[in-house]
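The values are calculated or read from the model by the stated rules, or taken from the named source; none is laboratory data. Bear in mind the structure is a predicted one, so any value in this text is a computation, not a measurement. Positions of Cβ are backbone-derived with ideal geometry, glycine not excepted, and every protein chain shown enters the neighbour counts. Quick note on the areas: whole protein, heavy atoms, side chains included, nothing else; ligands and nucleic acids left out. Shrake-Rupley method; radii C 1.70, N 1.55, O 1.52, S 1.80 Å.
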Amino acid sequence: MLIASNVKARYMPSLSITPYLKREKAGRVMSFFKKADLEATRVRDGIVLRAISGNKTMITFFDFEPGAVIPAHKHPHEQITYVIEGEMEFTVEGEARVLRAGEGVVIYADQEHSGRVLDKAAKAVDAWYPIREDYL
């Protein structure tokens, strides 16, 4: 294993461990991380975010308390949300649906959307393109 000296802090600012790189057969570099080592940030009441990104893509891990609310908003990023635990009601362009663990939603750029967590805590993972700099 190589200790990463070429990983820019901009792309992994919240890691509290030294990232390790492994060279694959095709010469690509893989960076490894643990969710527990990513910096946790409370972005709203009842919502905690952890983020990790590469050069062009990003994922975020969200932990939600019961009743947490994501107000209606839109952004230029594409977003794919996958619920890992609990239940969340999402509204995308006026269409509302309850998502349970194992279900997800694709939110295209500039689509208005909102969410709320139902009566139990929830966890979700979001994939983003391009990177949401405001989450790093």
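All of (1) touching a residue at least 24 places away in the same chain (Cβ under 8 Å); (2) open to solvent by less than 50 Å² (accessible area, probe 1.4 Å); (3) part of a strand (DSSP E or B) hold for ILE131 with one exception: (3). Looking at the structure I just gave you, is GLU85 under 23 Å from GLU39 (Cβ atoms), at pLDDT 95 or above and open to solvent by 80 Å² or more (accessible area, probe 1.4 Å)? Yes: the conditions hold for GLU85. The set of residues in the stretch 97-120 that are assigned to a strand (DSSP E or B), in contact (Cβ under 8 Å) with a residue 12 or more places away in the chain and open to solvent by 50 Å² or more (accessible area, probe 1.4 Å) comprises ARG100, VAL106, ARG116. If the condition is being of a type in the set (Lys, Arg) and within 18 Å of the chain's Cα centre (by Cα), then the stretch 79-126 contributes ARG100, ARG116, LYS123.
Just one of the numbered conditions (1) at pLDDT below 95; (2) open to solvent by less than 80 Å² (accessible area, probe 1.4 Å) is not true of SER16: (2). If you go through the stretch 82-96 and keep only what is over 15 Å from ILE47 (Cβ atoms) and without any contact (Cβ under 8 Å) to a residue 40 or more places away in the chain, you end up with GLU87, THR91, VAL92, GLU93, GLY94, GLU95, ALA96. Filter the stretch 46-82 down to the residues that are assigned to a loop (DSSP other than H, G, I, E, B) and modelled with pLDDT under 95, then identify the one that is most open to solvent (accessible area, probe 1.4 Å). Restricting to residues being assigned to a loop (DSSP other than H, G, I, E, B) and modelled with pLDDT under 95, the top hit is LYS56.
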